[in-house]
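**Q** Here you go, one structure.
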Amino acid sequence: MRTGSLILAALCLLSPQAMGDTEKDFTAARMALVDEIRAQGQYDPPPGRHGFAEPVLAALGEVRRHEFVPRSQLREAYDNHPLPIGHGQTISQPYIVALMTDLVDPEPDDVVLEVGTGSGYQAAVLAKLVGHVYSVEIIEPLADQAAARLDGLGYDNVTTKLGDGYYGWEAHGPFDAIVVTAAASHVPPPLIAQLKPGGRMVIPVGGRFAVQYLLLVEKSGSGEIVTRQITAVRFVPLTGEH
């Protein structure tokens, strides 16, 4: 382990009683956030569902989002909105994390590709639900921090690398599911090629200053691609040389 979470280091400076109180506060805030997302999902459910799947909500209840945000953002760690994590990037809104996770219909034995590791939060949520997560991040400081954080928090079924996620991670494909956490101008052909027959991909598509839509891309058993537009979103752009 190269470094621990910055937040864990900060909490270690507190007295045992103060740290216990802080953890209780975080736990209560996390449970309140899950309740909010559950209610939101029932009001505006994912396609074909009556609400978010309980395992997805349970994963959000287990992953300590405050471990994945900068220390300056701790007070907002369980607010239902995105937060800056540096380098022009954000940690996604928890509702959107729940939606994207639910849409790929994760199974315990799935192998999943994530494009855009960021702070590692989405990878951590997926790791609670699937067999293994491979995650690619193009910004080196974020890639290093996320790798150390996930390792320090015991997410041993997540493997990360520095690279251009537009091209996926062919060595570990094909994937049961792909989650893209940055907006592309189009669905990258390499990602479609690395999606298993029967697999699902969620990806925001659109420009930085244009309307973006979250798309669900499904590959049939015969390899046919079906794309559905889910909802309007706002993500940072997918970067790289493509």
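The values are calculated or read from the model by the stated rules, or taken from the named source; none is laboratory data. None of these values were measured; they are calculated from a predicted model. Here the Cβ is made from the backbone with ideal geometry for all residues, glycine too, and neighbour counts use every protein chain on show.
**Q** Quick check on this structure: which one of THR227, THR231 is among the polar types (S, T, N, Q), in contact with a helix residue (DSSP H, G or I) (Cβ under 8 Å, 6 or more places away or on another chain) and either closer than 16 Å to ALA98 by Cα or surrounded by 11 or more Cβ atoms within 10 Å (Cβ to Cβ) (or both)?
**A** Unique residue meeting the criteria: THR231.
**Q** Same structure, new question: Which one is nearest to TYR95 (Cα to Cα), of the residues in the stretch 183-227 that are modelled with pLDDT of 95 or more and of a type in the set (Lys, Arg)?
**A** In this case the residue turns out to be ARG200.
**Q** Please enumerate the residues belonging to the stretch 30-43 that are without any contact (Cβ under 8 Å) to a residue 24 or more places away in the chain, crowded, with 17+ Cβ neighbours inside 10 Å and aliphatic (A, V, I, L, M).
**A** Residues satisfying the conditions do not exist here.
**Q** Return the residue satisfying two criteria in turn: it lies in the stretch 111-143 and is part of a helix (DSSP H, G or I) and free of Cβ contacts under 8 Å to residues at least 40 places away in the same chain, and of such residues it is farthest from ALA59 (Cα to Cα).
**A** GLU140
**Q** What tally of residues in the stretch 161-201 results from selecting those that are assigned to a loop (DSSP other than H, G, I, E, B), hydrophobic (A, V, I, L, M, F, W, C) and loosely packed, with under 15 Cβ neighbours inside 10 Å? Walk me through it before giving the result.
**A** Here is the first cut: in the stretch 161-201, the ones assigned to a loop (DSSP other than H, G, I, E, B) are 163-164, 168-169, 173-174, 181-182, 185-188, 194.
Remaining after also requiring hydrophobic (A, V, I, L, M, F, W, C): 169, 182, 187.
From the residues that got through so far, the ones that are loosely packed, with under 15 Cβ neighbours inside 10 Å too are none.
Residues flagged as assigned to a loop (DSSP other than H, G, I, E, B), hydrophobic (A, V, I, L, M, F, W, C) and loosely packed, with under 15 Cβ neighbours inside 10 Å within the stretch 161-201 amount to 0.
**Q** Here is a list: LEU74, LEU99. Which entry is at pLDDT below 95, hydrophobic (A, V, I, L, M, F, W, C) and not in a strand (DSSP E or B)?
**A** LEU74
Okay, residues lined up against (1) among the hydroxyl-bearing types (Ser, Thr, Tyr); (2) at pLDDT 95 or above; (3) touching a strand residue (DSSP E or B) at 6+ places or on another chain (Cβ under 8 Å); (4) surrounded by 19 or more Cβ atoms within 10 Å (Cβ to Cβ):
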position: LEU11; (1), (2), (3), (4): no, no, no, no
position: GLN17; (1), (2), (3), (4): no, no, no, no
position: PRO45; (1), (2), (3), (4): no, no, no, no
position: GLY51; (1), (2), (3), (4): no, no, no, no
position: GLY61; (1), (2), (3), (4): no, yes, no, no
position: PHE68; (1), (2), (3), (4): no, yes, yes, yes
position: GLU107; (1), (2), (3), (4): no, yes, yes, no
position: GLU114; (1), (2), (3), (4): no, yes, yes, yes
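**Q** Please go through the stretch 202-224 and give me each residue that is in a loop (DSSP other than H, G, I, E, B) and among the β-branched types (Val, Ile, Thr), ordered by number.
**A** Scanning the stretch 202-224 gives a single hit, VAL211.
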